[in-house]
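Notes for the one structure printed next.
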Amino acid sequence: MKKSIKHTDLYIGQLVVVTDHPEAQVYTVAHIDGRAVMLQWFEGSRTCSQEFDKYGLMKPTLEQVEYSIAANGPLVSTKQIVETV
């Protein structure tokens, strides 16, 4: 099992996963607020967001990145982060 990223090492624009499954969605860290982290990803041309607890996030493997791009399209870059309410 993969080791979690230390919460102090998280930064905006970082790619993360929430599972060690090889067919995982890769997320981009969009906002950090206390224990909560806003993650964003694309579903087709639509940008999606969800808040997660920042503990337990992991660095994606190359296999996960390749799967996520093939299955769901491009990853959200720092320039593409959408402000959420």
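Some observations on this one:
- Rounded to whole numbers, the Karplus 3J(HN,Hα) couplings from phi for region 8-15 are 6, 9, 6, 8, 4, x, 6, 8 Hz, using 6.51 cos²θ - 1.76 cosθ + 1.60 with θ = phi - 60°, and x at Gly and Pro.
- Working from Cα pairs under 8 Å separated by at least six residues, relative contact order for region 7-74 is 33 percent.
- Once the chain from Ile32 to Thr47 is taken as fully extended at 0.36 nm per residue, the excess over their C-alpha distance is 3.6 nm.
- Overall dimensions of the chain, expressed as equivalent-ellipsoid semi-axes from the Cα gyration tensor (√(5λ), whole Å, largest first), are 18, 17, 9.
- Amide H contacts under 5 Å for His31, placed H, 5+ residues apart: Met38
- Those aspartates and glutamates that a straight Cα-Cα span of less than 12 Å connects to Lys54, excepting residues fewer than 8 apart in one chain: Asp9, Asp33
Here, each number is a calculation from the coordinates, and none is a lab measurement. All values reported here derive from a predicted model rather than from experimental measurement.
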